[in-house]
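What follows is a single structure, written as structure tokens, with notes after it.
The values are calculated or read from the model by the stated rules, or taken from the named source; none is laboratory data. Computed from a predicted model, the values in this text were never measured in an experiment. All Cβ positions, even for glycine, are placed from backbone atoms using ideal geometry, and neighbour counts span all protein chains on display. Heads up: the accessible areas ignore ligands, DNA and RNA and are worked out on the full protein's heavy atoms, side chains in. Shrake-Rupley method; radii C 1.70, N 1.55, O 1.52, S 1.80 Å.
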Amino acid sequence: NQTVTTPFKGMLEFEIHHRFGTINNGLDDLFGIWAPANIRLGLNYAITDRLMIGAGTANIKKSQDLLIKYALLQQNTSGSMPVSVTLFGNMGINLLNQNTFGPAHDWREIHRLSYLAQVIVAKQFAEKLSVQLAPTFIYHNAVEIGYKNANFGLSAGARYNLFGSHSVILEYDQLLNKQENEDYNPKPQVALGWEIGTATHCFQIFFANYKDILGQYNFLYNQNSIADGNFLVGLNITVRF
């Protein structure tokens, strides 16, 4: 998930997101390592200290994305601003064959587009713990029968610094509304991981029950349940220039 943080003005970020397959097949695919993976490569650029734009490409759904993030409010040590508030939005472009979008006579290029918008509210407690909540709006121009185009969700996250640059991270995402077909209601997204961060690099390894990387796909389509062993290993690497 996104955080309230934006890079400094003029900084360029290069991102590598990697999701292995789920581990429930055991040794047949080496607990997901040999399974088909989802990989996203992205670039972000800070226009100002508060405004960031970015773009990325991922192999599942051949999805491309454009994003923007603006740090509206920033928590300060005086207490006059007790929280940080950041606005985030992206547009996903699904480049799979148009046959995957339904009957040919209904086809329009705009069906490829999907959107996610968040208001991320975060608070840091002392130097160790930070938490955040993000009301989320998701919209898909085209969905299968039984799904809703417009959806609302809530994202929550926490980070606890153990020592030095090492931290534990936890995330939970929940779609708040129901789908027209109850069998299509997605499972909540859960992730638990380890983060190592420096001024120029950030590395995260985690267990999660969702494989897509763009939030609008995970919120609506995740059917993996941790109770059934449907979780995977993920890696995020960010390099700042």
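Here K61 is the anchor, and the aspartates and glutamates within straight C-alpha reach of less than 18 Å, apart from those fewer than 8 places off in the same chain, are E109, E144, D212. Inter-part distance, the stretch 59-78 to the stretch 200-241, computed on C-alpha centroids, equals 16 Å.
Computed about its Cα centre, the charge dipole of the chain is approximately 580 debye, with only Lys, Arg, Asp and Glu carrying charge at their Cβ.
This model, with +1 at the C-beta of Lys and Arg and -1 at the C-beta of Asp and Glu, gives the stretch 162-241 a dipole about its Cα centre of some 300 debye.
For the stretch 117-241, the solvent-accessible area with a 1.4 angstrom probe is 51 square angstrom per residue. Taking 7 Å along the Cα-to-C-beta vector as the label spot, tell me the L162-N59 distance in nanometres, rounded to one decimal. Output for this residue pair reads 3.0 nm.
Couplings 3J(HN,Hα) of the stretch 152-158, computed from phi: 10, x, 9, 10, 10, x, 8 Hz, in residue order, whole Hz [Karplus 6.51 cos²θ - 1.76 cosθ + 1.60, θ = phi - 60°; x for Gly and Pro]. In this structure, T77 and N149 have a Cβ-Cβ separation that, at R0 = 41 Å, corresponds to a calculated FRET efficiency of about 0.40.
Only helices enter the 222 nm calculation for the chain: every DSSP H run of n ≥ 4 contributes -39,500 (n - 2.57), and dividing by all residues gives -500 deg cm²/dmol, rounded to 500.
Here's the picture: charge each Lys and Arg Cβ at +1 and each Asp and Glu Cβ at -1 in the chain, and of A117, G229, L72 the one pushed furthest to the positive end of that dipole is L72. Only protein atoms count toward the accessible area here, which uses a 1.4 Å probe; on the stretch 115-241, the carbon and sulfur part of that area reaches 64 percent.
Each of F241, Y184, N218 was placed along the dipole of the chain (beta-carbon charges, centred on the mean Cα), and the one lying farthest toward the positive end is F241. Both radii are taken from the alpha-carbon atoms of the stretch 1-129; with Rh as the Kirkwood radius, Rg/Rh is 1.09.
Other residues with beta-carbon under 9 Å from the beta-carbon of L43 carry, at +1 per Lys or Arg and -1 per Asp or Glu, a net charge of -2. DSSP loop (so not H, G, I, E, B), at most 16 other Cβ within 10 Å: list which GluC sites (Glu not before Pro) in the stretch 97-206 pass both filters. Within the stretch 97-206, the qualifying GluC sites (Glu not before Pro) (loop, at most 16 other Cβ atoms within 10 Å) are E127, E144, E180. Anything over 25 Å Cα to Cα? Flag those among K128/K178; K123/K178; K123/K211; K9/K123, in the order listed. Long pairs (Cα-Cα over 25 Å): K128/K178; K123/K178; K123/K211. Per-atom-type breakdown for the stretch 1-104 gives carbon and sulfur 65% of the accessible area (1.4 Å probe, protein chains only). With a 1.4 Å probe rolled over the protein heavy atoms of all chains, the accessible area of L176, L129 falls in the order L176, L129, largest first. The residues of the stretch 49-98 expose, per residue, 51 Å² of accessible area to a 1.4 Å probe.
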